[in-house]
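All of the numbers you see were taken from the coordinates with simple rules; none came from a lab. The model shown is predicted, which means the values in this text are computed figures rather than measured ones. So basically every Cβ, Gly included, is an ideal-geometry build from the backbone, and we count neighbours across all protein chains shown.
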Amino acid sequence: MRVSIFITCLADQLYPEVGESVARLLHRYGCEVDFPEMQTCCGQPAFNSGYQDETREVARVMIRAFENSDYVVSPSGSCTGMMHHYYPMLFADEPEWKLKAEQLVEKTYEFSQFLVNVLGVTDLGAKYDIKATYHPSCHATRLLGVKEEPGKLLSNVKGLELIDLPKKEDCCGFGGTFAVKMADMSEAMVCEKAGHVCSTGAEVLLGTDMGCLMNIGGRLNKDNKPIRVMHLAQLLEEGVKNDESGR
């Protein structure tokens, strides 16, 4: 199958290694992976700020970019959720574009969702001797319903000690433009989240969305807490390498 990676702004600009991990893992399971260079932002920052006309133009670009893809896979529940829930609505008065938006939605998946529900993969043969905790992002769980998939993948990583994160369902305070518009509230939320992460004694914080991980990781770094933040795809890819090398 031909799978196109939707990299997202954060991964493209700040965490390209996450996209590389996604590409390598998809290739490992027989996917023909490509990267449409026409792709851009999903439009969520503009949409959340009330600029629907501008968001609509961005959405048109994204629809064209992935028009010929069999599947679209993204390392972000937030950006994938934007497409799923708001693209068809944006074109409610344009039947042709609404249909195209719905077709994009039907073939677009968050990374763990695609591995488990489309490829049927739950055990990658990964090995990682480390103590970790997992933060479930709001948009992935609440907009996309991605709840069990990351856990299924992590439960099969040999050597991984996964510690439950206290009040894991609470938002980290990022929320894209929310962190800018409501900075004081956002800071209070991420401080609380970072405290819960530290209370687990974990060496690594895992997640499926780099927006959340960037926010929490920034707080941990500011507090001089030596806890590494990793996208799920990174841990799985490194874990596969560890198993293959016998580490």
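Observations on the structure shown:
- As a calculated quantity, the FRET efficiency between Lys131 and Arg24 at R0 = 25 Å, using C-beta atoms, amounts to about 0.50.
- Summary of the geometry: segment 31-66 and segment 70-117, compared by the centres of their Cα atoms, lie 10 Å apart.
- Residues whose amide H falls under 5 Å from that of Val33, counting only those 5 or more places apart or on a different chain, are Val3, with hydrogens built in the peptide plane.
- Given their separation in residues at 0.36 nm each and the Cα-Cα distance between them, Lys152 and Cys191 gain 11.2 nm when the chain is fully extended.
- Each Lys and Arg adds +1 at its Cβ and each Asp and Glu adds -1 at its Cβ; summed about the Cα centre, the chain shows a dipole of about 500 debye.
- The chain - mean residue ellipticity at 222 nm from DSSP helices (-39,500 (n - 2.57) per run, n ≥ 4, rounded to 500): -14000 deg cm²/dmol
- The calculated P(r) of segment 54-140, using every Cα pair and 5 Å bins from 0, goes 3, 13, 21, 21, 16, 11, 7, 5, 3, 1, 0 in percent.
- Ascending count of other beta-carbon atoms within 10 Å, so fewest first, for Met214, Met189, Met89: Met89, Met214, Met189
- Derived from the Cα gyration tensor, the three semi-axes of the equivalent ellipsoid of the chain are 29, 24, 14 Å, largest first.
- Cβ charges +1 (Lys, Arg) and -1 (Asp, Glu), total dipole of segment 84-128, debye: 240
- Counting only Cα atoms, the size of segment 2-117 along its three principal axes is 42, 28, 24 Å, in decreasing order.
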